[in-house]
1. With only Lys, Arg, Asp and Glu charged, each at its Cβ (+1 for the first two, -1 for the last two), find how big the charge dipole of the chain is about the Cα centre; round to the nearest 20 debye.
2. If you take the charge dipole of segment 56-122 about its Cα centre, with +1 on Lys and Arg Cβ and -1 on Asp and Glu Cβ, which of 86, 64, 96 is farthest toward its positive end?
3. What would the Debye formula give as log10 I(q)/I(0) at q = 0.11 Å⁻¹ for the alpha-carbon point model of the chain, no solvent?
4. Using helices alone, what [θ] at 222 nm do you get for the chain, with -39,500 (n - 2.57) per DSSP H run of 4 or more residues, divided over all residues and rounded to the nearest 500?
5. Where a Cα-Cα gap under 18 Å defines reach, which lysines qualify for residue 101, not counting those fewer than 8 residues away within the same chain?
6. Could you work out the relative contact order of the chain? I mean the mean sequence separation of Cα pairs under 8 Å and 6+ apart, divided by the number of residues, in percent.
7. Lys and Arg at +1, Asp and Glu at -1: add these up for the other residues within a Cβ distance under 11 Å of residue 51 and post the number.
8. Taking the chain as the reference, fit the longest principal axis to its C-alpha atoms, fit the long axis of helix 107-124 to the helix C-alpha atoms, and give the angle between the two in degrees, 0 to 90, nearest 10.
Amino acid sequence: MSEMFNQREPVYLQVVRHFKEKVASGELQPGEEMPSRRELANTLGINPNTVQRAFKRMEEENLLYTEGNMPSRVTEDQSILGQVRSELMLDAVENFIAAVKPIGVTLKEIQDKVEEQYLLEANQNGGDNE
């Protein structure tokens, strides 16, 4: 699974982002127990120290908490969970804007194309995500 990592960004930050995406999507629920650091390192095919660094970062951001010798858990704080979702959306928007700005696209064109593509994706996936 280590092929999921790119060379442009430190692996521990990619692990953090991966878990933020799982939390934002609801795949990881508030209060859910995280795998052990060693187990996760084996699953991802990375060094346990890298996983430890990612967990430390997520604990600093209050995304995870660890009580005593118990397994780490996803925060249940809804404001932090909302911040994670907003952060991921903002990152995506910033990257998108940086990609289309050089070609001189107007805001109206962007809005129209995003809406069109969003509805197309929703229809292809059999759901209406408006």
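1. Values: 14 positive and 23 negative charges, 129 e Å.
The dipole magnitude comes to about 620 debye.
2. The Cα lying farthest towards the positive end belongs to 96.
3. -0.52
4. Working: 5 runs with 77 residues, N = 130.
Only helices count here, giving -19500 deg cm²/dmol.
5. Answer for residue 101, where 18 Å is the Cα cut-off: 113, listed by chain and number.
6. Details: 96 pairs, mean separation 29.1, N = 130.
It rounds to 22 percent for the chain.
7. Details: positive: 37, 38, 53, 56, 57; negative: 39.
So the environment of residue 51 carries a net charge of +4.
8. 70
Any read-out appearing in this document is the output of simple, stated calculations on the displayed coordinates, not a laboratory observation. Source: prediction; values computed, not measured. Positions of Cβ are backbone-derived with ideal geometry, glycine not excepted, and every protein chain shown enters the neighbour counts.
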